[in-house]
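Report on one structure; see the data block that follows.
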Amino acid sequence: MLSKWLVDADTLGMMRRSAEGGTLPSAQDRRDYALDFGLSRQVDQIMTINNGVATINVKGILTEEPDLFAFLIGGGNVTFPAISQAARTADANPDVQRIDFSVDSPGGTIDGLFDCLATLEALQTPSRALVSNKAASAAFALVSQTDEIIAANRAARFGSVGVAPRKRPNVSTDEGQAMVREELDALHQVFVESIAAGRGTTVDNVNSRFGQGGMLVAQEALNRGMIDSIARTVLSSIDETQATHTETPEAIVD
């Protein structure tokens, strides 16, 4: 069911249209895709270590297991176990001085997300996230667990937090709406609690100022405390931020 996804509205719409149009990959195609990607191979694909920095690429839709549907819709697919394993491997490496997450993701599934959040929260190595396009929903929850969130450019977008009113359509009956809302409210509470803890703020602040389910461009996300800085130039690699000045709330003059 599409209710298991924590993705932005555009991606959710594409997924729903594909499901309704009968254009989903076959069960066999999905099984074959999943079998092609063992965990160690996934980790090798998403992580590089260079000059004391481990860079973990988080691109496309995030899932608990390799998912062909997610790959086709999201232009990429990374699993939560691969992110967790890569982060733990980097954290245990004495030569790694920092872990950088290079992120462009509309979000992903509920399944697997909270285990991954716990892994990132427990990291001892300093960590950053550089968002080149968007970090939405489940992906924003992930980057909220890092020590610093950097927008690679002013057009980077953040938000689609939880299951707020702008994100979920009304169901056709009062009874159906009440049943869905009860489950979504409980999930939303756990979700925003994780984001609030990661960003060092309150649940009320997340609910009221972090977009209410919508997406915010980098400057507004910075103003609201969702991220920490905006890089002055478009970066091809997260490691380049070491040599690039960043904008902070105190440094910006409009």
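Please report the accessible area of residue 215 (heavy atoms, 1.4 Å probe, ligands and nucleic acids excluded) in Å², nearest 10.
60
With a 1.4 Å probe and all protein chains kept in place, how do 67, 36, 204 rank by accessible area, largest first?
The ranking, largest first, comes out as 204, 36, 67.
Kirkwood hydrodynamic radius, computed over distinct alpha-carbon pairs, for the range 20-64: how many Å, to one decimal?
13.0
Determine, from the Cβ-Cβ distance of residue 51 and residue 118 and an R0 of 35 Å, the FRET efficiency 1/(1 + (r/R0)^6), rounded to the nearest 0.05.
Once rounded, the FRET efficiency stands at 0.75.
The values are calculated or read from the model by the stated rules, or taken from the named source; none is laboratory data. Small disclaimer: the values here were computed from a predicted structure and weren't measured. Cβ: placed from backbone, ideal geometry, glycine included. Neighbour counts: every protein chain shown. Ligands, DNA and RNA are stripped out before the accessible areas are found, and what is left, the full protein with its side chains, is counted by its heavy atoms. Shrake-Rupley method; radii C 1.70, N 1.55, O 1.52, S 1.80 Å.
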